[in-house]
């Protein structure tokens, strides 16, 4: 499966509609998002902001269809929005979306109580975002490529095993278990901690310095084994962790089971997901609708993305994936709020090394 190609994205047209057409289009999009049924002029006439006759509404709906904002799926049926219609709706939202008080409290409580390792927290964040919106959620965490070592600790687990815990500047924790000789005591582990900490602090994980000999064979042996174990973490440090929450919600979002299977297959491909979200953000969008993201297998989907920042730099993203008939105001509000809270949380020093699992 290839990654999205930004050169294939449909150009955004800077078209404007007069206020009456815009109000009618907004009413149709809002009604269709809520009902999934084609919208007729009688429903539009009841919408707030529309104060013209049904005959005038029907005439304007014909004009909107001619201009590509609406389509009539069946003869004598109402209209439904096209991707172009959704795009105009998103770009001209009269009322920005906002989370309700209960949802805001849920987000605040989640990040206040979040503990443990960073990857566990990111996985739970994807579930939180999906719960808020009922769409599939994607959380892309920061890669460790630019992160530097904040501290190192070697902790004895038994007479012949110890764990090496490396805390990075982005809050991530790498933990590896090593074998040690029975003759290694707590003083030796403490000395190894000092040697490793002195050699590695401030260094990128994938570029760790060699640990200078301490003159103690037992300590040097522990340092060598720790360096070998942590080297594996450095080799994978440029890969962003990806977590998907609520994939089962896709089943109720699309009519065709083939579409659901296709989307689920894509969500299993981490590099494609990362590329998709990054491409949307780099294009200057927060919402990509249908073919706009340049990824044909997701032509029936919309993607809502918000960046995650760490120390002033973009360090990941949160995203929502659903049908083009998405509740855009609610999805955009949820992504923005969760992305902002996650950025703040990643910048704080409260990740617990004990919250991560060992990787032998």
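The values are calculated or read from the model by the stated rules, or taken from the named source; none is laboratory data. Just so it is clear, the model here is predicted, and its values are computed rather than measured. FYI the Cβ positions are ideal-geometry reconstructions off the backbone, even for glycines, and counts take in every protein chain you see.
Before moving on, here are some points about what is shown:
- Restricting attention to the stretch 163-192, the residues that are in a strand (DSSP E or B) and within 19 Å of residue 141 (Cβ to Cβ) total 7.
- Looking across the stretch 86-106 at every residue that is assigned to a helix (DSSP H, G or I) and in contact with a helix residue (DSSP H, G or I) (Cβ under 6 Å, 6 or more places away or on another chain), the one that is nearest to residue 22 (Cα to Cα) is identified as 89.
Conditions (1) within 36 Å of the chain's Cα centre (by Cα); (2) assigned to a helix (DSSP H, G or I); (3) at pLDDT 90 or above; (4) crowded, with 19+ Cβ neighbours inside 10 Å, marked per residue:
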| site | (1), (2), (3), (4) |
| --- | --- |
| 14 | yes, no, no, no |
| 28 | yes, yes, yes, yes |
| 48 | yes, no, no, no |
| 59 | no, yes, yes, no |
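- Any chance residue 95 is loosely packed, with under 12 Cβ neighbours inside 10 Å, in contact (Cβ under 8 Å) with a residue 12 or more places away in the chain and under 30 Å from residue 337 (Cβ atoms): yes
- Residue satisfying condition, being touching a residue at least 24 places away in the same chain (Cβ under 8 Å), closer than 23 Å to residue 344 by Cβ, touching a helix residue (DSSP H, G or I) at 6+ places or on another chain (Cβ under 8 Å) and not in a strand (DSSP E or B), within set 151, 143, 130: 130
- Residue 165 fulfils the conditions (1) closer than 25 Å to residue 308 by Cβ; (2) without any contact (Cβ under 8 Å) to a residue 12 or more places away in the chain; (3) outside the structural domain of residue 329 (by TED's automatic domain parsing) except for a single criterion, (2).
- Scanning the stretch 135-148 turns up no residue that is surrounded by 18 or more Cβ atoms within 10 Å (Cβ to Cβ) and on the phi > 0 side of the Ramachandran plot.
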